[in-house]
Amino acid sequence: MVSMTYEPTRAVIESVEADAAVLILFEDDDGDRPGGRFAELTGGLIPELYARKEFAGKFLSKALIHRPAGFRAERLLLIGGGKTSEFDLPCLRRVSGVAVRALRATAKPTVAFDVPGHKSSESEIQVIVEGMELANYKIDTYKTIDSDDKGVAGILLCTQESVEAGILRGAAIAGAQNFTRGLVNEPGNILTPTELAARATSMAGESGLDIEVLRQEQLEALKMNTLLGVAQGSDQPPALMVVRYRPQHTTSEHHLGLIGKAVTFDTGGISLKPSKDMHEMKYDMAGGAAMLGAMRAFSTMRPDVAVTAVVPSVENMPSARAQRPGDIVTSMSGQTVEVLNTDAEGRLILADALTYAQELGCTHLIDAATLTGSIVVALGTLRVGAFTNNEEWQSRLLASADAVGEKMWPMPLDDEYIDELKSPIADFANIGSRWGGSITAAMFLKQFADPLPWVHLDIAGTAWQDKDAPDLPKGPSGFGVRSLVDLAMKM
């Protein structure tokens with residue numbers, strides 16, 4: 001799912017014929033003479049822009065110059081990189097995205113991109129491609145009216161280095177993230193659990209991955225009653241996808257388990273949600289989609305560790321058959337749960353999936369879910385809340401998230417929070433009081449993840465962007481894919 005072509009060229013950017021040329025300039029660029037060699041090349045125009053403060057290199061700022069002196073390109077786009085001391089790979093990814101977003105209204109332009117310093121590492125090219133592909137993504141699959149937003153056709157990467165490996169890796173990761181975004185963007189009437197399983201099967205076949213889809217009878221035989229309880233109110237049958245990646249040669253004894261919530265539409269069940277914004281509940285499967293996206297990337301990236309994704313998928317609907325508040329279900333692990341609120345359904349399907357991942361031999365677990373509104377109250381829409389039973393395991397994931405520019409924040413999970421989940425008639429209730437709701441939800445999951453090292457990612461605030469950003473369009477974010485790929489590559 002790569003939307004542009006990438007061609008490296010050793011030519012200097014001013015000599016390249018293109019619809020537009022892109023330069024990254026900085027706040028502290030060359031002191032009194034900003035623009036370096038481009039200052040003279042443009043007849044002093046760049047220093048003049050700095051002097052007038054029309055463009056000063058501030059991060060993600062931009063200025064578009066038509067028919068620039070000294071360039072063969074029709075237009076010159078300047079993008080601010082901020083302070084040179086603070087410019088890192090995540091910044092380069094965002095700047096690359098800004099370039100595409102700024103130029104895509106023109107009918108399929110070809111863009112020459114000046115790699116900073118005209119030299120590049122594989123990592124730099126990788127994040128440039130990632131940023132551009134993510135920025136070029138569109139969510140108008142079902143629009144029949146032509147949009148003014150045309151997209152970018154091709155990128156000429158001006159660099160002296162060999163960059164093919166970086167292009168391949170960047171395209172693989174961005175393609176996986178855009179695959180995830182495409183799934184999350186699908187409406188609930190189209191992407192049912194059955195359809196999600198079909199698309200996962202197609203993806204696995206194209207990627208050379210093994211997949212097994214467990215259906216109703218198999219889930220019943222495994223006694224996955226917390227999952228089945230959520231599904232019973234819908235006419236759409238549940239599905240549990242097990243996708244396997246195995247390295248050709250490895251000495252690692254680790255086996256990474258990725259578990260993702262995939263509620264293809266969530267009404268709240270009998271504990272019905274308010275109608276306002278319920279349409280957004282089509283993205284209650286973003287956690288599962290991220291795990292499928294990561295698996296797609298592994299087929300190209302080839303980490304040296306075994307990875308199994310377990311993605312439980314249901315539709316949570318109210319009906320005469322639906323699970324009731326007050327029902328008690330026995331999980332696959334044998335632990336019993338009193339269901340006090342049917343809108344706390346994600347933790348119920350994840351409970352059985354976490355147990356199953358352990359039975360499949362996984363040694364380290366990560367789950368991702370649009371689980372609670374409470375995490376949005378705590379962290380807003382900028383960071384994901386990370387909960388763990390193993391600080392060392394979580395620190396490795398957080399390091400990967402930081403390296404790839406995905407913001408996470410460690411949340412507490414003190415033993416005392418289990419008191420909130422006490423039930424007089426079952427082992428646990430599925431909700432506690434209104435206070436610390438994201439923490440008690442994580443504490444519930446911990447009962448099914450222990451004793452394995454485990455991290456829970458509550459992505460409710462970050463799975464969807466409500467408005468356009470300079471480097472990204474509004475809509476599904478595909479959050480988590482990059483962090484999971486980076487972690488697996490380092491295991």
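At a glance:
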{"read-out": "Among (1) without any contact (Cβ under 8 Å) to a residue 60 or more places away in the chain; (2) within 15 Å of Ala99 (Cβ to Cβ), the one test that Ser3 misses", "value": "(1)"}
{"read-out": "Helices (runs of 4 or more DSSP H) (entirely within the stretch 184-276) containing at least 3 residues that are in contact with a strand residue (DSSP E or B) (Cβ under 8 Å, 6 or more places away or on another chain)", "value": "193-207, 225-231"}
{"read-out": "Residue match in the stretch 351-368 (condition: farther than 19 Å from His254 by Cα, open to solvent by 10 Å² or more (accessible area, probe 1.4 Å) and out of contact with any Cys (no Cβ under 8 Å at 6 or more places or on another chain))", "value": "no"}
{"read-out": "So Ala401, is it under 26 Å from Asp88 (Cα atoms), open to solvent by less than 10 Å² (accessible area, probe 1.4 Å) and not in a loop (DSSP other than H, G, I, E, B)", "value": "yes"}
{"read-out": "Selection within the stretch 277-318 - under 20 Å from the mean Cα position of the chain (by Cα) and part of a strand (DSSP E or B)", "value": "Val307, Thr308, Ala309, Val310, Val311, Pro312, Ser313"}
{"read-out": "Among (1) touching a Leu at 6+ places or on another chain (Cβ under 8 Å); (2) open to solvent by 10 Å² or more (accessible area, probe 1.4 Å), the one test that Phe387 misses", "value": "(2)"}
{"read-out": "Every residue from the stretch 393-439 that is of a type in the set (D, E, K, R) and more than 16 Å from Ala449 (Cα to Cα)", "value": "Arg396, Asp402, Glu406, Lys407, Glu416, Asp419, Glu420, Lys422, Arg434"}
{"read-out": "Count of the stretch 455-491 residues which are aliphatic (A, V, I, L, M) and at pLDDT below 95", "value": "3"}
{"read-out": "Selected residue [under 30 Å from Arg244 (Cβ atoms) and among the hydroxyl-bearing types (Ser, Thr, Tyr)] from Thr342, Thr267, Thr336, Thr330", "value": "Thr330"}
{"read-out": "Single condition Glu406 does not satisfy, out of (1) surrounded by 21 or more Cβ atoms within 10 Å (Cβ to Cβ); (2) not in a loop (DSSP other than H, G, I, E, B)", "value": "(2)"}
{"read-out": "Count - residues of the stretch 468-489 that are within 18 Å of Val100 (Cβ to Cβ) and in a loop (DSSP other than H, G, I, E, B)", "value": "9"}
{"read-out": "Search result, residues across the stretch 454-470 that are in contact with a helix residue (DSSP H, G or I) (Cβ under 8 Å, 6 or more places away or on another chain) and either of a type in the set (Ser, Thr, Tyr) or buried (at least 21 other Cβ atoms within 10 Å of the Cβ) (or both)", "value": "Trp454, Val455, His456, Leu457, Asp458, Ile459, Ala460, Gly461, Ala463, Trp464"}
{"read-out": "Residue match in the stretch 211-228 (condition: acidic (Asp, Glu) and under 27 Å from the mean Cα position of the chain (by Cα))", "value": "yes"}
{"read-out": "Given (1) crowded, with 18+ Cβ neighbours inside 10 Å; (2) more than 36 Å from the chain's Cα centre (by Cα), number of the condition Gly44 does not satisfy", "value": "(1)"}
{"read-out": "Hits in the stretch 10-41 (condition: open to solvent by less than 60 Å² (accessible area, probe 1.4 Å) and not in a loop (DSSP other than H, G, I, E, B))", "value": "Ile13, Glu14, Ser15, Ala20, Ala21, Val22, Leu23, Ile24, Leu25, Phe38, Ala39, Leu41"}
{"read-out": "Qualifying residue in the stretch 418-425 (condition: closer than 23 Å to Gly293 by Cβ, of a type outside the set (Lys, Arg) and open to solvent by 10 Å² or more (accessible area, probe 1.4 Å))", "value": "no"}
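Quick grid of which residues meet (1) part of a loop (DSSP other than H, G, I, E, B); (2) out of contact with any helix residue (DSSP H, G or I) (no Cβ under 8 Å at 6 or more places or on another chain); (3) at pLDDT 95 or above:
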residue	(1), (2), (3)
Ala63	no, no, yes
Gly70	yes, no, no
Leu77	no, no, yes
Ser85	no, yes, no
Cys91	no, yes, yes
Val95	no, no, yes
Val98	no, no, yes
Arg101	no, no, no
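The values are calculated or read from the model by the stated rules, or taken from the named source; none is laboratory data. None of the values given here were measured: they were computed from a predicted structure. Glycine gets a Cβ as well: all are built from the backbone with ideal geometry, and neighbour counts include every protein chain shown. Only protein heavy atoms, including side chains, enter the accessible area calculation; ligands, DNA and RNA are left aside. Shrake-Rupley method; radii C 1.70, N 1.55, O 1.52, S 1.80 Å.
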